[in-house]
Each structure stands twice: as C-alpha cells, then as structure tokens.
Amino acid sequence: METDTQLQAIEDTQLRAFIEAAQDKKAQDIVVFAIDKLSIMADYVMLASGTSTTHAGAVAQGIVSKAKEMGAPVRSEGLNDKKWVLIDLGTVIVHVMTEEIRKFYALEELWALANVVYRGETTELSPVD
C-alpha cells in the first residue's frame, strides 16, 4: 500500500507515531506538511478529519494519549466542542476537524508552499452550504 510506504519513509518517530494514532482511530484525509522552512512554530503540521464531532474527538484523544505515552509536551484546545481540535505537540501541530470545518477553513491552502511528507487516502468532502 502506498501510504504504508510513505509512513515508513518518515524518519521522525514521534510524527510517525502520531499519524499511526490517527489511523488507529480511523481519521480521514490525513495530510502532513513539513513547515520547518516556512515557520518557526513547529517542524510539521498535521491535518486530519473526523466524520462527526464524536469521531474528531476520538481521533484527537488518540493522538493526545499517544503523545503523553511518548513523553511529548501536549497543549490542546477544542476538546470540548470537538469541531476543531488543535493539539500542540512541540515539533508537530495537529488540527483534527470535522469535514465541514476543514472544508470551510481550507488549511491546506495556507500551507500550499510546504512540502507534503505524508498524504493518506482521501475521501470526497461534501460541500459546505
């Protein structure tokens, strides 16, 4: 599978573990950008979608649990309403959003100049009214 090859090629073991944690919770449309050349705030930005607020919350909680298990610093916002959860893991910034929120804010466009280091299987996101 192509995504498995992409995942194995990622040398940063923490980043790989965070991607795997999102996959374990069935996150959709996982994309990771290397932003170290564009920003000083982190080395990577990871985007992932959940099909509902419950699903997005479960994905975010899975990533937070993995980070704590690995001893990574964890700061998060949005775990209460779960439409958009921001997780700051030091070298990795994670955004877990519902499909509607992700489509509306289009963060992929913000990081369009960054190198994509991982792109999971994509699903068609429905348009926002």
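Per-structure values
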quantity: Strands (runs of 3 or more DSSP E) fully within region 43-97 counting 1 or more residues that are without any contact (Cβ under 8 Å) to a residue 12 or more places away in the chain and not hydroxyl-bearing (Ser, Thr, Tyr); calculated: 75-77, 84-88
quantity: When residues of region 20-36 are limited to those that are assigned to a helix (DSSP H, G or I) and touching a strand residue (DSSP E or B) at 6+ places or on another chain (Cβ under 8 Å), the one nearest to ALA60 (Cα to Cα); calculated: ALA22
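Every residue, every condition in (1) of a type in the set (A, V, I, L, M); (2) surrounded by 15 or more Cβ atoms within 10 Å (Cβ to Cβ); (3) within 11 Å of the chain's Cα centre (by Cα); (4) at pLDDT below 95, yes or no:
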| residue | (1), (2), (3), (4) |
| --- | --- |
| ALA48 | yes, yes, yes, no |
| ALA56 | yes, yes, yes, no |
| VAL59 | yes, yes, yes, no |
| SER65 | no, no, no, no |
| VAL96 | yes, yes, yes, no |
| GLY120 | no, yes, yes, yes |
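The values are calculated or read from the model by the stated rules, or taken from the named source; none is laboratory data. Please read all numbers here as calculations on a predicted model, not as lab measurements. Note: ideal-geometry Cβ built from the backbone for every residue, glycine included; neighbour counts use all protein chains shown.
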